[in-house]
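Colleague: Take a look at the following structure, please.
The values are calculated or read from the model by the stated rules, or taken from the named source; none is laboratory data. Model, not experiment: these values are computed from the prediction. Neighbour counts are summed over all protein chains in view; Cβ atoms, including those assigned to glycine, are modelled from backbone coordinates with ideal geometry. When the accessible area is computed, the model is the full protein with side chains, heavy atoms only, and any ligands, DNA or RNA have been set aside. Shrake-Rupley method; radii C 1.70, N 1.55, O 1.52, S 1.80 Å.
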Amino acid sequence: MTDIFRVQTGNAELSRAQYDAFAKQIPLLYLLLTTNTVAVAISYARLAPALLTLALPTLLCLMCALRLVKWLNRSRRQPTDDMVLRQLRQTNRLAGVIAAAFTAWGLLLYGYGDAYAHGHVAFYMALTVIGCIFCLMHLRSAAIIVTLIVNIPFIIFFLMQPQTSLKAMALNLVFVSIAMIIVLMTYSRDFSRLVESRSETRHLSDENFRIANLDSLTGLANRRWFFAELSRQYTRAKTHGGAFAVGIVDLDGFKPVNDTYGHSTGDRVLTEAAQRFKAACGEDIILARLGGDEFGFIVPGNPTRDELRWLGTAISDTIRMPYIVGGSQALLGSSIGVAGYPQSATDPEALFERADYALYHAKRHQRGQMVIFSSEHEAQIRSHSVIEQALQNADLDAELSMVFQPIVDMSSGRATAFEALARWESPSLGMVSPDRFIPVAERAGLIRGVTRALLKKALEAAAQWPAEVRISFNLSAQDLSDSENVVQIIAQINRSRVDPRRIIFEITETSVAQDFQKAQMAVQTFKALGVRISLDDFGTGFSSLSHVHRLPLDKIKVDRSFVTDIETNPVSLKIVKSLTALCADMGLECIVEGVETEAQLTILREIGCRTVQGYYFARPMAEADVLPYISEREEKTA
C-alpha cells in the first residue's frame, strides 16, 4: 500500500514523463488555487475576521506565486534524472503541506456565516480539490495525498455535526474519495503503460537505427552511416569555418587470403583488422566499414598534413602485423587515400571522390602507403576527365592502333612471339600514351570496348605471321571479371583466322587479386579453348605464389624493375635467379622483361634465363615491320 505514495525510482523514463506532464499543469494548478482562494476570501470578507479573510489568503497566494516562479525558472533548464526525482519527491511533500494548509483554512472558515456561506466554502473547496487532482493526475502519489488530506478532515467534520444532511454529505464524500482514488489509480496505470509502450517503441526504433547503420561483421558503422556523418561534418565545418579530412583504406592482399582460406577465415581477418583500425585511430576519429575490405574514416578538428601522415603510418603499421589464419600467418597491407575539406573539395560528394582518387593513386603507384590528395592530383583528374570524354566520343576502330615488341628465345635468337601494345591517336588530344588512357578507360568502365577493338587489330596482324609466331595480348581486371565479356572475346577469337594455341593472354597479379574466383573461371575458360596464360609483372603484387599455385598458368613474366639494376644490385640478381628456378621447377616458361644492355643479357643467360624481351632486341614496332623483323632474325640465326 505504501507504494502508492512513493515516487517510482526504478524507472527514470517514467519519472521524467511524469515530471514533463506535471510541469505543463503547474501554471493552471497555482492559478486555480489562487483564484479560488481569492473568491472564498471575498465571500467571507464581512463574515470572518481579517486573519482568515486577508492575512491567511494573502500568505497562501504568496506561497503559490513563489512556487510558480520556481517552476518557471526550472522549466528553462533540462533537468537530470536525479533532479527529476528530487523535484517529484519535493512535490509529494509540498502537496501534503499545501493541502493541509488550505483544508485547515476552509475548516476555520466553516465556523462563520450561515448555511449559504457554508455551501459557498464547500463548493469552492470541492472545485479546488477536483481541479488540483486533475492537475496532479500524472503524479499519482501527490494526487492521492491531496485527496486524502482534503477529504478526510471534511468527512470527520461533517460526521460530527448534528444535521442529517451533513452526515449524508460526509457519506457522499467518502464515495467520491474512493471513486477519485480509483480513477487516479486507473489513469496512473494507463499512463505508465503508455510511457512504457512509447519507450519500447523508441528502443525498437533505436535498435532498428543501430542495425541499419551498423556493420554486423565488424561492429563498426556502415557505409550509410558514414556518408550521413560526412554530411554532418561538412555542415558543421561550413557553418563554423572548420576543417576536416576524409580517408579511405583498402586492405592490400585480403582477397587472396579470403579466396585461399575461405570466407569464414576472411571474416575473422576483417574483424581483427577493424579492431586494429579502432586502436590505431582512437576515439576522436570516426571509423566505418564501407564494404568488402574497404574502410573509411573522418578526422575532425582541423588536422594538419603531418597529423594525417602520422595517422597513416599508425594504420599501416598495425595492419601490416601478421594475421593467424589456418595454422599459418597471412600478411596484409593498407593503401590509404585522404582528402581534406576545404582544400580538396567544397562539398561532401566531391570530397569523397577526391579521397577515392587518392586511394586509386596509392594502389597504382604507392601501394601500402598513404596518399594525400593534392593540386597535382586535381590536375590529373582534369586531364583524366578530358581523356575520358575523348574516349567516350572516340571512333575506337579508327583511332586505336597496335605496335608489337618481340619476345626472343635466347637459345635460338628467334622471335617466338610479339607482345601487342596499344596506341591511341585522338583527333582532339593527339597521341595519348597507354599509361594515360588505359587507367582512365578502366576507371570509367570503358576498357571492355577498348579491349575488343585492340584484340581485333592484334588478331588481324597475327593472322599474317608465320604459324609458329605467337601473339601476346594484355587483359585488364574488368575483362576477366565480366563473364559476358569473356564470351565476346572467345567469339572474336573464333571469328579470326588465328589458332587459339598461338594466343597468349597476359594478366597481372593486381587484376587477378581484384576478384580471384571470377578471374580463375575466365582463365580456365580461355585455357579450355587452347589459349595460353602468362602472369605479368610477377613479384610486384601480393600472394604471388598463391596465384601461381591456383591458376593454370603457362608462363610468368618477371617484372622489368628487377632487371634494371641487376648488374649492380645483388638482391635483384638473387630475385631473378630464384624466380627462374621456381618457373623451372613448376614447368612454367619464364620471360624476363626490360632487357636493354648486353651486360644484362649476359647475366640472364648465365643464371639460366631462356626467354627475354626488351629494347636490346627491338623497340615496339608497327605492324608492317613485324614480318621483315622476323625474316631478319631468321637470317642472323641461320
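Colleague: Hey, what's the Kirkwood Rh for segment 33-107 if you take every pair of different alpha carbons, in angstrom?
Modeller: 13.9 Å
Colleague: Listed here are the pairs Lys363/Lys527; Lys278/Lys555; Lys278/Lys574; Lys255/Lys555; which of them are more than 31 Å apart at the Cα?
Modeller: Lys278/Lys555; Lys278/Lys574
Colleague: Right, here's the next one. What lysines sit close enough to Lys70 to cross-link, taking a C-alpha to C-alpha distance under 23 Å and skipping anything fewer than 8 places away on the same chain?
Modeller: Lys24
Colleague: GluC sites (Glu not before Pro) within segment 426-480: which are DSSP loop residues with at most 14 other Cβ atoms inside 10 Å?
Modeller: The qualifying sites are Glu468.
Colleague: Near Lys238, which aspartates and glutamates are there with a Cα under 15 Å away, not counting those fewer than 8 places off in the same chain?
Modeller: Within reach: Glu229, Asp347, Glu349.
Colleague: Now for a separate question. Going Cα to Cα from Lys457, which aspartates and glutamates come in below 18 Å? Please leave out same-chain ones fewer than 8 positions away.
Modeller: Asp395, Asp397, Glu399, Glu419, Glu425, Asp479, Asp499, Glu506, Glu623, Asp625
Colleague: I need to check one value: relative contact order of the chain, counting alpha carbon pairs closer than 8 Å and at least 6 residues apart, in percent.
Modeller: Rounded, it is 8 percent for the chain.
Colleague: Given a 1.4 Å probe and heavy atoms of the protein chains only, how would you sort Lys636, Lys555, Lys527, largest accessible area at the top?
Modeller: Lys636, Lys527, Lys555
Colleague: On a full-extension model of 0.36 nm per residue, what is the gain between Glu13 and Ser328, subtracting their alpha-carbon distance, rounded to one decimal in nm?
Modeller: Answer, rounded to one decimal: 108.2 nm.
Colleague: Probe radius 1.4 Å, ligands and nucleic acids ignored: give me the carbon and sulfur share of the accessible area of the chain as a rounded percent.
Modeller: Ligands and nucleic acids excluded, carbon and sulfur give 56 percent.
Colleague: Rounded to whole Å and ordered largest first, report the semi-axes of the equivalent ellipsoid of the chain derived from its Cα gyration tensor (root of 5λ).
Modeller: 91, 23, 21
Colleague: Same structure, new question: Obtain the radius of gyration and the Kirkwood radius of segment 387-530 from its C-alpha atoms and give Rg over Rh.
Modeller: So for segment 387-530, dividing Rg by the Kirkwood Rh gives 0.96.
Colleague: How much length is gained on full extension from Gln90 to Ile490, taking 0.36 nm per residue of separation minus their Cα-Cα distance?
Modeller: Working it through step by step, the gained length comes to 135.4 nm.
Colleague: Considering only the other residues whose Cβ falls under 15 Å of the Cβ of Thr597, what net charge follows from Lys and Arg at +1 and Asp and Glu at -1?
Modeller: -3
Colleague: To continue, here is another question. Hey, rough spin-label estimate for Thr525 and Leu47, points 7 angstrom out along Cα→Cβ, what's it come to in nanometres?
Modeller: That separation, rounded to one decimal, is 10.3 nm.
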